[in-house]
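Structure first, commentary second.
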Amino acid sequence: QVQLVESGGGLVQPGGSLRLSCATSRSIFSSATMGWYRQGPGKQRELVATITSFRATNYADSVKGRFTISRDNAKNTVYLQMNSLKPEDTAVYYCNSRRPVATTWGQGTQVTVSS
(Lines give C-alpha, C1' and ligand atoms only; values in the text may rest on other atoms or scores of the structure.)
Protein backbone atom coordinates (compact mmCIF):
# COMPACT_ATOMS: atom_id res chain seq x y z
CA GLN A 1 0.00 0.00 0.00
CA VAL A 2 1.55 3.27 -1.18
CA GLN A 3 1.11 5.92 1.47
CA LEU A 4 3.24 8.72 0.02
CA VAL A 5 2.74 9.40 -3.68
CA GLU A 6 5.44 11.46 -5.38
CA SER A 7 5.12 13.12 -8.77
CA GLY A 8 6.80 15.75 -10.90
CA GLY A 9 10.10 14.14 -11.73
CA GLY A 10 11.54 13.99 -15.21
CA LEU A 11 14.30 15.07 -17.54
CA VAL A 12 15.37 18.72 -17.51
CA GLN A 13 18.28 20.67 -18.95
CA PRO A 14 20.87 22.30 -16.69
CA GLY A 15 19.54 25.58 -15.38
CA GLY A 16 15.96 24.40 -15.65
CA SER A 17 13.27 23.93 -13.02
CA LEU A 18 11.02 21.18 -11.73
CA ARG A 19 8.44 20.97 -8.96
CA LEU A 20 8.02 17.74 -7.07
CA SER A 21 4.83 16.93 -5.19
CA CYS A 22 4.13 14.37 -2.49
CA ALA A 23 0.55 13.64 -1.51
CA THR A 24 -0.52 11.55 1.43
CA SER A 25 -3.25 11.03 3.97
CA ARG A 26 -4.11 13.39 6.77
CA SER A 27 -3.03 10.89 9.41
CA ILE A 28 0.47 10.71 7.92
CA PHE A 29 0.74 14.40 7.09
CA SER A 30 -0.75 16.14 10.08
CA SER A 31 1.81 17.14 12.73
CA ALA A 32 4.57 15.41 10.76
CA THR A 33 7.88 16.79 9.70
CA MET A 34 7.88 16.26 5.95
CA GLY A 35 11.06 15.97 3.96
CA TRP A 36 12.70 15.27 0.66
CA TYR A 37 15.75 13.06 0.35
CA ARG A 38 17.67 11.93 -2.72
CA GLN A 39 19.95 9.16 -3.81
CA GLY A 40 22.24 9.73 -6.76
CA PRO A 41 23.94 7.01 -8.79
CA GLY A 42 26.45 5.20 -6.58
CA LYS A 43 25.72 7.47 -3.64
CA GLN A 44 24.04 7.15 -0.28
CA ARG A 45 20.64 8.67 0.35
CA GLU A 46 20.98 12.23 1.61
CA LEU A 47 18.78 14.93 3.06
CA VAL A 48 17.60 17.62 0.67
CA ALA A 49 15.11 19.61 2.74
CA THR A 50 12.62 19.29 5.59
CA ILE A 51 9.65 21.30 6.80
CA THR A 52 7.96 20.97 10.17
CA SER A 53 4.25 21.27 10.89
CA PHE A 54 5.03 24.86 11.96
CA ARG A 55 6.70 25.42 8.56
CA ALA A 56 10.22 25.69 9.89
CA THR A 57 12.55 24.64 7.08
CA ASN A 58 15.98 23.11 6.79
CA TYR A 59 18.08 22.65 3.64
CA ALA A 60 21.21 20.85 2.61
CA ASP A 61 23.99 23.31 1.83
CA SER A 62 24.15 22.04 -1.75
CA VAL A 63 20.60 23.20 -2.52
CA LYS A 64 20.28 26.38 -0.44
CA GLY A 65 19.10 29.29 -2.55
CA ARG A 66 17.97 26.99 -5.38
CA PHE A 67 15.35 24.68 -3.83
CA THR A 68 12.28 25.61 -1.80
CA ILE A 69 10.21 23.20 0.29
CA SER A 70 6.62 24.04 1.15
CA ARG A 71 3.50 22.32 2.42
CA ASP A 72 -0.23 22.67 1.86
CA ASN A 73 -1.99 21.40 4.96
CA ALA A 74 -5.40 21.52 3.29
CA LYS A 75 -4.21 19.15 0.56
CA ASN A 76 -1.89 17.02 2.73
CA THR A 77 0.82 17.68 0.19
CA VAL A 78 4.45 18.76 0.38
CA TYR A 79 6.28 20.35 -2.54
CA LEU A 80 9.88 20.82 -3.60
CA GLN A 81 10.47 23.63 -6.06
CA MET A 82 13.84 23.07 -7.72
CA ASN A 83 15.42 25.90 -9.71
CA SER A 84 18.81 26.32 -11.37
CA LEU A 85 19.17 22.57 -11.59
CA LYS A 86 22.62 21.08 -12.05
CA PRO A 87 23.71 17.69 -13.39
CA GLU A 88 24.77 16.75 -9.85
CA ASP A 89 21.13 17.08 -8.78
CA THR A 90 20.38 13.95 -10.79
CA ALA A 91 18.94 11.39 -8.38
CA VAL A 92 15.88 9.53 -7.23
CA TYR A 93 14.00 11.88 -4.92
CA TYR A 94 12.12 10.39 -2.00
CA CYS A 95 9.38 11.94 0.09
CA ASN A 96 9.49 11.28 3.83
CA SER A 97 7.08 11.71 6.72
CA ARG A 98 8.49 11.67 10.23
CA ARG A 99 6.19 11.40 13.23
CA PRO A 100 6.84 10.19 16.79
CA VAL A 101 5.04 6.93 16.02
CA ALA A 102 6.38 6.17 12.56
CA THR A 103 8.55 7.19 9.64
CA THR A 104 7.14 6.67 6.16
CA TRP A 105 8.88 6.75 2.79
CA GLY A 106 7.58 7.19 -0.71
CA GLN A 107 8.67 5.07 -3.67
CA GLY A 108 10.72 7.83 -5.24
CA THR A 109 10.65 9.85 -8.43
CA GLN A 110 13.55 10.16 -10.86
CA VAL A 111 15.03 13.56 -11.62
CA THR A 112 17.59 13.71 -14.42
CA VAL A 113 19.45 16.91 -15.25
CA SER A 114 21.19 16.60 -18.58
CA SER A 115 21.63 18.42 -21.85
#### Entry: Residue check for Ala91: more than 20 Å from Gln3 (Cβ to Cβ) and either open to solvent by less than 20 Å² (accessible area, probe 1.4 Å) or of a type outside the set (Val, Ile, Thr) (or both)
yes
### Message
Being in contact (Cβ under 8 Å) with a residue 40 or more places away in the chain, assigned to a strand (DSSP E or B), closer than 26 Å to Arg26 by Cβ and open to solvent by 30 Å² or more (accessible area, probe 1.4 Å) is the requirement here; does Gln107 meet it?
### Response
no
## Note on the structure
Just one listed residue, out of Val63, Val48, is in a loop (DSSP other than H, G, I, E, B) and within 13 Å of the chain's Cα centre (by Cα), and it is Val63
### Query
From the residues in region 1-27 that are modelled with pLDDT under 95 and in a loop (DSSP other than H, G, I, E, B), which one is nearest to the chain's Cα centre (by Cα)?
Leu4
### Query
Residue check, Leu47 against (1) surrounded by fewer than 17 Cβ atoms within 10 Å (Cβ to Cβ); (2) in contact with a helix residue (DSSP H, G or I) (Cβ under 9 Å, 6 or more places away or on another chain), all met but one. Which one?
(2)
### Task
Keeping to region 66-88, report how many residues are surrounded by fewer than 17 Cβ atoms within 10 Å (Cβ to Cβ), charged (D, E, K, R), within 22 Å of Leu4 (Cα to Cα) and within 14 Å of the chain's Cα centre (by Cα).
1
### Message
Every residue in region 1-36 that is touching a residue at least 60 places away in the same chain (Cβ under 8 Å) and hydroxyl-bearing (Ser, Thr, Tyr), please.
### Response
Ser7, Ser17, Thr24, Ser31, Thr33
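The values are calculated or read from the model by the stated rules, or taken from the named source; none is laboratory data. Model, not experiment: these values are computed from the prediction. Please note: Cβ atoms are built from the backbone with ideal geometry, for glycine as well, and neighbour counts cover all protein chains shown. Note: areas computed on protein heavy atoms with side chains; ligands, DNA, RNA excluded. Shrake-Rupley method; radii C 1.70, N 1.55, O 1.52, S 1.80 Å.
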